[in-house]
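To keep things clear, I will list the structure first and then write my remarks on it.
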Amino acid sequence: MTEPALIDDPDAVTPEWMTDVLRASGAIRDARVVGLDPRQVGTGQMGASVRFGLTYDLAEPDAPDSVVGKFPSTNPISRATGVGQGAYLKEVRFYQALQKTVQIRTPHCHFARIEQTSGSFVLVLEDLSPAVQGDQIAGCSVDQAALALLELAKLHAPHWGSPSLLELDWMSPPSPESAALLKVIYQSVFPGFVERYEGAIGPEHLALAEELGENLVAWTTAMADGPLCVIHGDYRLDNMLFGTAEGGHPLAVVDWQTCGVGPAVSDAAYFLGASLLPVDRRAHEEALLRDYHAALIADGRADYGWDQCWADYARYSFSGVLMAVVASMIVERHDRGDEMFIAMATRHATHALDLDATRFLKA
């Protein structure tokens, strides 16, 4: 069977193309898709996601009632960012090369294809409804946080310390060159970040963000010290789907545009710093991180002691500050995005101050 064509526009998707995709993936055999009901999903700033309800010409066991298609952003700034930062390439390669090698729950991928130079890509993924998306702004419960960290260990453990990760050039392992480039990007966008948000973000938080920028090379270079594994890079509630009483897996993780090679606990610190309100985080973060650490140890990561885990957690509490500053300035702007980045910057900076993380900036 000829591989289906790359269609990077949801309006160009036809029943015939979807039939070819689902037959190629083994999701259907004799049935044909004869009707599509497209509806936008979420408010992604780097891509467009569309749920396609499917109608068939005949009933076939296990044929999906719907799928989710993911396409490049229609906003030229966001699309240029997706191409330039390698975000589109990373997500497609994750589904093509890594998804089956990790244990974290992700949507089954029916089709993944990219044209690397132009950034044209398409993903056709399992529709995980009736699971519901987390809300980055509202935050989550302590029980949801515990579930997310145990699921995170299933991502980190399988490739823990694997030298083969450094051979995947699209994974962007940390290096002195990437650290220097990141500092240039950060400091070039920081004045715009301050101008846009200084009325909504406290001066102590902006001062912390400025100090991070001044010492970003030293802080980022330390990431290469490991232990390294596959990281999500944007492990937060908006990229999580939680099961409901109506069904769905307890937790599934989506949006792999920022996956890479890095220190495991950077994901954990990023998640807890933004997903729990500060009062809940302060009360529960150590217990939650201990359970995450125990899950790693149970998987054979005995070379990673608790003291190192806790120190790394404090060091990488800056991960969310970095994301809030840079991402807010290089993607399409809208009201919910502003609200989200304000919440992220405030919570992550509070997190770093609570943990006295500035001691790691020049270490």
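General observations
- Candidate set from the range 242-255 (those that are over 13 Å from residue 105 (Cβ atoms) and not β-branched (Val, Ile, Thr)); member that is modelled with the lowest pLDDT: 247
- Qualifying residue in the range 211-231 (condition: in a loop (DSSP other than H, G, I, E, B), touching a residue at least 12 places away in the same chain (Cβ under 8 Å) and over 16 Å from residue 357 (Cβ atoms)): yes
- The single condition among (1) over 18 Å from the mean Cα position of the chain (by Cα); (2) at negative phi that residue 62 does not satisfy is (2).
- Among the candidates 130, 174, 203, residue that is of a type outside the set (Phe, Trp, Tyr) and under 22 Å from residue 292 (Cβ atoms): 174
- Residue pairs whose Cβ atoms lie under 7 Å apart, separated by 6 or more positions or on different chains, with the first residue in the range 162-174 and under 11 Å from residue 101 (Cβ atoms) and assigned by TED's automatic domain parsing to the domain that holds residue 88 and the second modelled with pLDDT of 85 or more and of a type outside the set (S, T, N, Q), do not occur.
- Qualifying position, being crowded, with 18+ Cβ neighbours inside 10 Å, in contact (Cβ under 8 Å) with a residue 24 or more places away in the chain and outside the structural domain of residue 98 (by TED's automatic domain parsing), among 273, 243, 247: 273
- The single condition among (1) closer than 22 Å to residue 252 by Cβ; (2) assigned to a helix (DSSP H, G or I); (3) touching a residue at least 60 places away in the same chain (Cβ under 8 Å) that residue 143 does not satisfy is (3).
- The range 32-54 residues that are surrounded by 20 or more Cβ atoms within 10 Å (Cβ to Cβ), paired with ones that are modelled with pLDDT of 90 or more and of a type in the set (D, E, K, R) (beta carbon under 7 Å, 6 or more apart): 47/70; 52/37; 54/65
- For the range 185-216, a tally of residues being among the β-branched types (Val, Ile, Thr) and more than 23 Å from the chain's Cα centre (by Cα) returns 2.
- Picking from residues in the range 31-54 that are assigned to a strand (DSSP E or B), touching a helix residue (DSSP H, G or I) at 6+ places or on another chain (Cβ under 8 Å) and modelled with pLDDT of 95 or more, the one that is nearest to residue 338 (Cα to Cα) is 50.
- Filter result (buried (at least 18 other Cβ atoms within 10 Å of the Cβ) and closer than 17 Å to residue 115 by Cα) within the range 65-77: 69, 70, 71, 72, 73
- For the range 153-175, the set of residues classified as aliphatic (A, V, I, L, M), in a helix (DSSP H, G or I) and more than 28 Å from residue 84 (Cβ to Cβ) consists of 153 only.
The values are calculated or read from the model by the stated rules, or taken from the named source; none is laboratory data. All values reported here derive from a predicted model rather than from experimental measurement. Glycine also receives a Cβ, built like all others from the backbone with ideal geometry; neighbour counts cover every protein chain displayed.
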